[in-house]
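Notes to accompany the following structure.
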Amino acid sequence: MTVISQEIRDFVAGKLGWVATADLNGWANLAPKGTVQVLDEESLVFADLFSLKTRANLEKNPKVAVAVVDASSPAGYQFKGQAELHASGPIYEAVAKKLKEAMPDLPAPKYVVRIPVDEIYSLSPGPDAGAKIA
């Protein structure tokens, strides 16, 4: 796993993430996730409330990429790893509680996805665009 620097952790906070998955035939699916956050120094997490394709893909193919971009800068990062689905347990409970506190009208997550980060890439424009940074 890769360590997510404090600078990147601060960057991700409060931003929309875009989660890319693929089925076993290679058909890609891209879905916005407003709940993407850094769980700890080595992993991201998001709650899935409505996305049937994301879950179906991750159950068969856990490889995932997550892009988080600040459109006003425009700076960003891409994270790659293998997803773990949690429908119960401490990770699920912690994310569900935080989500309920922030947005009480939303339903409870069907599951929570933890992504131990293997690689981080720059999505910021310039000479290092697309470069692996961790």
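For the chain, adding -39500 (n - 2.57) for each run of n ≥ 4 DSSP H residues and dividing by the number of residues yields -6500 deg cm²/dmol at 222 nm. Across the chain, the relative contact order, built from alpha-carbon pairs under 8 Å that are at least six residues apart, equals 27 percent.
Between Leu52 and Ser88, the FRET efficiency from the beta-carbon distance, with R0 = 22 Å, is close to 0.70.
The length gained by stretching the chain between Arg9 and Asp70 to full extension, at 0.36 nm per residue less their Cα-Cα distance, is 20.6 nm.
Compared with the dominant Cα axis of the chain, that is its longest principal axis, helix 90-102 is turned about 90°. In plain terms, the chain from Met1 to Lys98 could stretch by 32.4 nm, reckoned as 0.36 nm per residue minus the Cα-Cα distance. Using Rg/Rh (Cα atoms, Kirkwood Rh) as the read-out, say which of (i) 1.06; (ii) 0.95; (iii) 1.02 was calculated from these coordinates. Evaluating Rg/Rh (Cα atoms, Kirkwood Rh) on these atoms matches (ii).
Toward the positive end of the charge dipole of the stretch 6-122, with +1 on the Cβ of Lys and Arg and -1 on the Cβ of Asp and Glu, the farthest Cα among Gly76, Ile8, Ala31 is that of Ala31. Computed from point charges on the beta carbon alone (+1 for Lys and Arg, -1 for Asp and Glu), the dipole magnitude for the stretch 6-122 about its Cα centre is near 400 Debye. With a Förster radius of 22 Å, plug the Cβ-Cβ distance of Glu59 and Glu119 into 1/(1 + (r/R0)^6) and report the FRET value to the nearest 0.05. Calculated transfer efficiency: 0.45. When peptides 12-22, 99-109 are sorted by average Cβ neighbour count within 10 Å, with the highest value leading, the order is 12-22, 99-109.
Values in this text are rule-based calculations from the coordinates and carry no lab data. Here the structure is a predicted model, which means the values were calculated and not measured. Positions of Cβ are backbone-derived with ideal geometry, glycine not excepted, and every protein chain shown enters the neighbour counts.
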